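This report refers to the structure that appears directly beneath it.
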Amino acid sequence: MKVKQIIIPAANQVEVREMELEFHLAADDILIETEASFISPGTELAIFQAKTERVYQKGAWCEYPWKAGYANVGTIVKVGSGVTKFNPGQRVFTHGEHASMIVVQQDKMIVQVPESLDSGTAAASRLASISATSLYVSDIPTNAWVAVYGLGVIGNMASQIFRLMGCKVIGIDPNGSRRALAEKCGVQYTVGGSESEVLEQIKKITNGQLCHISIDAVGHSKVIQQAVKSTTNQGQVILLGTPRVPVEGNVTDILAEVHLRWLTLRGALNFMDTPRLLDIQKNTFDWVSTGRLTLDPIISHRLQPEQVAEAYDGLLHKQEEYTGVVLSWK
């Protein structure tokens, strides 16, 4: 069987490889024909640009050459002899790669897609489930103010999800088009400007109260420091983005803020355990299919797999035009 797969062989290189493969399914294996996959503009592109040294570490999950992607929707073609949870013909979501055919074990992260969702939107929901991790690690007080720094796909969806929980959300981004898109998706307050200007706007919006929860959806230590300053006493600072860029400075300043104002710093890396992943993904599908979480405006392009280099370039260098890219395999 001919199979196409997207590979990142080295820094700043991406290609579609076609190979002849035979699939001999183990008892718990499920063979899926991909309909759509979604490009992660954060981790996936960071691996593409070699922003983590792990791409050169033997045995690392993202070691070059890397089979790109982790948001896949397709139809089950065949199941192993021991599969009891799924049947051929079902359309399912997995954390599978960008490939025309994938194999997933039945006890891994696999969820049936609601009939109301098209495959591209369902694949894009992977980023919403990542954003939802910040919700799961937060303790939300009544009538909470929440600041979300960075209104790319992850920050946009995090803003929407906290709004679903009844929070008053302030989205922060220097990019006006991202702020406009967040407003289109229902985020009531958005601000931009210098660090001092943003803080003054947050004080004005919250009547000096500041925010009970501040979320870094950028993955930058300088932004985390900014988020600390916008957080009220006894508040929470959530690290949703993965810090990758080295930043020099005096950590005493930020630690003093945490100590003196009883702040809590919490990491929000997407959960690795299957039960929680399944719970988050099912909730995400419910939010999207009932219209409470808006994904379609974020999807700017639906491209063929052969256009992946164009997609990467657009997401990196034309961010006002490329906000989210679905790869259509069928």
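The values are calculated or read from the model by the stated rules, or taken from the named source; none is laboratory data. Computed from a predicted model, the values in this text were never measured in an experiment. Cβ sites come from the backbone with ideal geometry, for glycine too, and all protein chains shown count toward neighbours.
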All positions within region 255-290 that are in contact (Cβ under 8 Å) with a residue 60 or more places away in the chain, aliphatic (A, V, I, L, M) and surrounded by 14 or more Cβ atoms within 10 Å (Cβ to Cβ): 268, 277, 278, 280, 288
If residue 27 meets every condition in (1) touching a Gly at 6+ places or on another chain (Cβ under 8 Å); (2) crowded, with 17+ Cβ neighbours inside 10 Å apart from one, which number is that one? (2)
Of all residues being at pLDDT below 95 and closer than 22 Å to residue 148 by Cβ in region 233-256, which is nearest to the chain's Cα centre (by Cα)? Just the residue, please. 241
Inside region 16-38, can you point out the residues that are in contact (Cβ under 8 Å) with a residue 60 or more places away in the chain and assigned to a strand (DSSP E or B)? 16, 29, 30, 31, 32, 33, 34, 35, 36, 37, 38
Taking into account only those residues within region 297-313 that are among the aliphatic types (A, V, I, L, M) and outside any loop (DSSP other than H, G, I, E, B), which is nearest to residue 125 (Cα to Cα)? 298
Among the listed residues 142, 190, 206, which satisfies the condition of being over 24 Å from residue 267 (Cβ atoms), in contact (Cβ under 8 Å) with a residue 40 or more places away in the chain and of a type in the set (Ser, Thr, Tyr)? 206
For region 314-330: of the residues being of a type in the set (A, V, I, L, M, F, W, C) and part of a helix (DSSP H, G or I), which is farthest from the chain's Cα centre (by Cα)? 316
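Would you mind finding the one in 58, 85, 51, 67 that is in contact with a strand residue (DSSP E or B) (Cβ under 7 Å, 6 or more places away or on another chain) and not hydrophobic (A, V, I, L, M, F, W, C)? Write out each step before concluding.
On the way: 58 fails: in contact with a strand residue (DSSP E or B) (Cβ under 7 Å, 6 or more places away or on another chain); 85 fails: in contact with a strand residue (DSSP E or B) (Cβ under 7 Å, 6 or more places away or on another chain); 51 fails: in contact with a strand residue (DSSP E or B) (Cβ under 7 Å, 6 or more places away or on another chain).
Just one listed residue meets the conditions, 67.
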Going by the structure shown, is residue 204 among the charged types (D, E, K, R), surrounded by 14 or more Cβ atoms within 10 Å (Cβ to Cβ) and out of contact with any Asp or Glu (no Cβ under 6 Å at 6 or more places or on another chain)? no
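Would you say residue 293 is touching a residue at least 40 places away in the same chain (Cβ under 8 Å), in a helix (DSSP H, G or I), surrounded by 15 or more Cβ atoms within 10 Å (Cβ to Cβ) and of a type in the set (A, V, I, L, M)?
no
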So which residues in region 150-201 are part of a loop (DSSP other than H, G, I, E, B), surrounded by fewer than 18 Cβ atoms within 10 Å (Cβ to Cβ) and of a type in the set (Gly, Ala, Ser), if there are any at all? 166, 186, 192, 193, 194
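Could you check region 262-276 and list, in sequence order, the residues that are within 13 Å of residue 239 (Cβ to Cβ) and of a type in the set (Val, Ile, Thr)? If you could, list the steps in order and put the result at the bottom.
Residues of region 262-276 that are within 13 Å of residue 239 (Cβ to Cβ), as a first pass: 263-270.
Matches in region 262-276: 264 only.
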Starting from residues that are touching a His at 6+ places or on another chain (Cβ under 8 Å) and part of a loop (DSSP other than H, G, I, E, B), keep the ones in region 64-81 and report whichever is farthest from residue 43 (Cα to Cα). 71
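Take the conditions more than 25 Å from the chain's Cα centre (by Cα), in a helix (DSSP H, G or I) and without any contact (Cβ under 8 Å) to a residue 40 or more places away in the chain and apply them to residue 222. Does it pass?
Details: more than 25 Å from the chain's Cα centre (by Cα): no; in a helix (DSSP H, G or I): yes; without any contact (Cβ under 8 Å) to a residue 40 or more places away in the chain: yes.
When the stated conditions are applied, residue 222 does not pass them.
Check 65, 41 and return the single one that is at pLDDT below 95 and surrounded by fewer than 24 Cβ atoms within 10 Å (Cβ to Cβ).
Numbers: 65 fails: at pLDDT below 95.
So the residue among 65, 41 that is at pLDDT below 95 and surrounded by fewer than 24 Cβ atoms within 10 Å (Cβ to Cβ) is 41.
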Scanning for something part of a helix (DSSP H, G or I) and within 23 Å of residue 330 (Cα to Cα), does region 266-280 turn up at least one residue? no
